[in-house]
Amino acid sequence: MTYSVPRSVVDAFYQVYAARDADKIGAFLDDDIEWTISGPVDYLPFCGTHHGKANVVDLIRRRIPMVLRTFSFVAEVIVVDGDQVAMLSRQSSRRAADGQVISYRVANRMHFRDGKVIKNFSLVDSFDAVEQLLGQQLAVGGAQAGNGQVVAL
């Protein structure tokens, strides 16, 4: 018999995830969770793979807000297929250093078991996010940004 995560569990998880309530998020995480955020660690140092519930709760409670403080989270699409969940969201955050607002999309693929997230893979539209953080367009293939400067990733 295969496990199928109830839509009500998925909706409850995304509600606390959107609110960035680390303690309530922790209740939905397996003790041995693997949580990966794909993005440029030079600009978004919280990106990478994080193992274990305590590390992921710390990531959400402390490490991400040290860089970005999310104030808007809108799930545009959520698809549940058995124990797998895919979501596309638009998030808006303030840069912790100066309050600059950036808006970007994130795609998530989560694997649930017994009502808990055991694996998450988040893909941040990091190119767009980094351009907003830097305040200029990034050069691709050696081209120059609109202000004449070349910014390389």
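The values are calculated or read from the model by the stated rules, or taken from the named source; none is laboratory data. Here the structure is a predicted model, which means the values were calculated and not measured. Cβ placement follows ideal geometry from the backbone for every residue including glycine, while neighbour counts extend to all protein chains displayed. Calculation scope for accessible area: heavy atoms of the full protein, side chains included, ligands and nucleic acids excluded. Shrake-Rupley method; radii C 1.70, N 1.55, O 1.52, S 1.80 Å.
Assorted remarks:
- Residue count, segment 26-48 (criterion: loosely packed, with under 15 Cβ neighbours inside 10 Å, in a strand (DSSP E or B) and either charged (D, E, K, R) or more than 12 Å from the chain's Cα centre (by Cα) (or both)): 2
- On the stretch given as segment 1-51, residues that are among the small types (Gly, Ala, Ser), touching a helix residue (DSSP H, G or I) at 6+ places or on another chain (Cβ under 8 Å) and more than 18 Å from His111 (Cβ to Cβ) total 2.
- For the criterion of being outside any helix (DSSP H, G or I), open to solvent by less than 60 Å² (accessible area, probe 1.4 Å) and over 29 Å from Gly135 (Cα atoms), Val80 passes.
- Under the condition of being buried (at least 19 other Cβ atoms within 10 Å of the Cβ) and under 12 Å from the mean Cα position of the chain (by Cα), the residues counted in segment 49-59 number 1.
- Residue within segment 88-103 that is aliphatic (A, V, I, L, M) and closer than 27 Å to Ser4 by Cβ present: yes
- For first residues located in segment 45-56 and touching a residue at least 24 places away in the same chain (Cβ under 8 Å), partners that are part of a strand (DSSP E or B) and hydrophobic (A, V, I, L, M, F, W, C) and lie 6+ apart or on another chain with Cβ distances below 8 Å form the pairs Cys47/Ile37; Cys47/Val124; Lys53/Leu29; Lys53/Ile33; Val56/Leu29; Val56/Ile33; Val56/Trp35.
- Which listed residue, of Met66, Met87, is touching a residue at least 24 places away in the same chain (Cβ under 8 Å) and assigned to a strand (DSSP E or B): Met87
- The selection criterion, being at pLDDT below 95 and more than 23 Å from Asp125 (Cα to Cα), holds for Asp23.
- So Arg20, is it more than 18 Å from Arg113 (Cβ to Cβ), within 13 Å of the chain's Cα centre (by Cα) and open to solvent by less than 70 Å² (accessible area, probe 1.4 Å): yes
- Criterion: out of contact with any Ser or Thr (no Cβ under 7 Å at 6 or more places or on another chain) and open to solvent by 80 Å² or more (accessible area, probe 1.4 Å) - qualifying residue of Arg90, Arg69, Arg62: Arg62
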